[in-house]
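Notes to accompany the following structure.
Any read-out appearing in this document is the output of simple, stated calculations on the displayed coordinates, not a laboratory observation. The structure presented is a predicted model; accordingly, all values stated were derived computationally and were not measured. Heads up, the Cβs are rebuilt from the backbone with ideal geometry, glycines too, and the neighbour counts pull from every protein chain shown.
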Amino acid sequence: MSKFPKDFLWGASTSAYQVEGGWNADGKEPSVQDVKEIPEGTTDFKDAVDHYHRYEEDVKLFKELGMKAYRFSISWSRVVPNGQVNPEGIAFYQKLIALLLENEIQPIVTVFHFDLPVSIAEKGGWENRETIQAFADYCQVLFDHFGQDVPLWQTINEQNVMALAGSVIGTSQKSMKEKFQENHHMLVAQALVTKRYHEGNYPGKIGPAPNIASVYPASDKPEDQMAALYMSALRNWLFLDAAVYGKYNHNAWHLLEKIGAVPEITDEDQDILSSGTCDYIAFNYYNTMTVSNYYEKEVKIDQQSGFGIPGFFQVVENKHLPMTEFGWPIDPEGFRFTLNEIYSRYRLPVLITENGIGGKDNLEDGKIHDEYRIDYLKQHIEQMALAIEDGVEVLGYCPWSAIDLISTHEGITKRYGFIYVNRNEEDLLDLKRYKKDSFYWYQKVIQQNGLE
Ligand code: BG6
């Protein structure tokens, strides 16, 4: 008997700037992702994998894969370029959503995934309070057009990654003080649109989509337990406590005080935070973190490799965990642990909006043998099934990614998709789509409503 509920949302994910291309088509304004410096030796990532022009073919493949849901993001700068509603931008998402529904694939929409419009960034981006209202206005446009058709919304993808590793993903390079002021404005913006969504009585649910990673202490030393508590407070609970309770986590607040990074909060902000709390929790999971109490050491920072805060914690290597080709730990049990940790803290249904492994795939005679991806996903699905047995309420699973797309900072060399796209770092080639071995494997998982 399957451990997964009958209506479990087996899906897959993408984000607008990583998949769409058409970066200046039909009135779209560039986003910060279209103008960021690109790594040496690479050419143009702005065309991504051209989903904007090939969405019909892609949705056909999603249907063949058996996806019950498709989690994607809407490009703010396509829908509201330079502050003006763009009918062509709306039309694109209207067509995409209609096609998904026609194919019985539930659209799951993230409204903001790392791609701030340039005109907003030029006015100070999230550091500028006015961005809160601009975001709320943009979301209202989305709710007006798609509110009846989209059952699950996420406000902001990986706000915690933007705050803590923004320089790597091309969203912000600022001091901690500035970053946490930006972060505060994002929390208020999120609460404001959540409140508006509820007041509009739309038929779906809305929630945040942070990147959550349980944090293990490096040893049984009490100092390491405290280090783990503090890292989790700053990296995880600050974001979920704000979304679920409308309050800052007390440990995270204390840490921000110690490092001189507390944001300015008005009474109005506080009212908005507590009146716009979420209906469910979407989160992305790639791996856990392990920390010791702080010692001096340079660490590579990206979404998953972690970081340190003097006097509080320092990420260290976990020798029990294997690594991906790109240096991220692999921890399927940590997935079960993270699911349980979130559910016991908040008691809200959860949706996995990203989970997956990036690697270099090779196209040989029209085939891609990505056994390593099947292994990774299989182990994570097994652990998710155990978490469901533990009692965690899981709405669905949307691995990263439905189709190959551009990684945040490692180009197209680091691929995630079930569908291979024929392009490389230097050349768009023919952008032809091929089904990987993992495509056929995941198709079977969905057909069986889980692993046999
Ligand atoms: C998450 C992001 O951090 O991880 C995605 O939400 C991203 O946008 C994914 O692509 C994988 O990370 P990367 O750096 O390998 O692309």
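Annotations for the structure displayed:
- Under 14 Å of direct C-alpha separation, and excluding same-chain neighbours fewer than eight residues apart, K435 reaches these aspartates and glutamates: E57, D58, E64, D361, E364, D365, D370, E371, D404.
- The convex hull around the C-alpha trace of the stretch 1-138, projected and averaged over every direction, spans 10.5 square nanometres.
- P(r) of the stretch 239-376 over all Cα-Cα pairs, binned every 10 Å from zero, in whole percent: 9, 28, 33, 20, 7, 2, 0
- Efficiency of FRET between M226 and K378 - r from beta-carbon atoms, R0 30 angstrom, step 0.05: 0.25
- Projected area, mean over directions - the stretch 94-204, Cα convex hull, nm²: 7.2
- Beyond 13 Å, the tail of the calculated P(r) for the stretch 387-428 holds 61 percent of the Cα pairs.
- Bridge type composition, the chain - antiparallel percent by DSSP, nearest 5: 25
- Count, lysine Cα pairs under 20 Å in the stretch 54-189, 8 or more residues apart or across chains: 7
- The radius of gyration of the Cα set in the chain, together with its Dmax, comes out at 20.6, 63 angstrom.
- Here the alpha carbons of the stretch 179-311 define both size measures, Rg and Dmax, at 16.1, 51 Å.
- The GluC sites (Glu not before Pro) of the stretch 1-86 that meet both conditions, a loop assignment by DSSP and at most 12 other Cβ atoms within 10 Å of the site Cβ, are E37, E40.
- E393 versus E57: modelled label distance in nm, points set 7 Å from Cα along the beta carbon direction: 4.2
- Separation between Cα centres of the stretch 61-105 and the stretch 115-156, rounded to whole Å: 16
- Each 10 Å bin from 0 upward holds the following percent of the Cα-Cα pairs of the stretch 255-330: 14, 30, 30, 21, 4.
- Note on the stretch 369-439: semi-axes of the ellipsoid equivalent to its C-alpha gyration tensor, largest first and rounded to whole Å, are 29, 12, 10.
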